[in-house]
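This report concerns only the one structure given below.
No lab work stands behind these numbers, since they all come straight from the coordinates. Fair warning: this is a prediction, and the values are worked out from it, not measured in the lab. In this analysis, Cβ positions are derived from the backbone assuming ideal geometry, glycine residues included, and neighbour counts consider all displayed protein chains.
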Amino acid sequence: MWNEILIAGALMLVLEGILPTLNPKSFKQMMFNASQMSEQQLRWTGIITMVIGAIAVYVLKH
């Protein structure tokens, strides 16, 4: 199980690095926009992202 968690973490780092590598200007704009959001907006964005990710994992595993 730990092996899968470490692999998932490594894959997340690879995916996180794609946008700033391919389009740094767009990445900077996205980070600027995120910095202008309220804490509540950021929190809800995180919650929605986690729920979508959890559903995707469930669907792919079953």
Quote to one decimal, in nm, the extra length available between Ser35 and Leu13 on full extension: 0.36 nm per residue of separation minus the C-alpha distance between them.
-> 5.8 nm
Extend 7 Å from the Cα of Leu60 along its Cα-to-C-beta direction; within segment 1-31, residues with backbone N under 11 Å of that point are 8-9, 11-12
Measuring from the lowest to the highest alpha carbon on each principal axis, how far does segment 2-61 reach, largest first, in angstroms?
-> 35, 28, 19
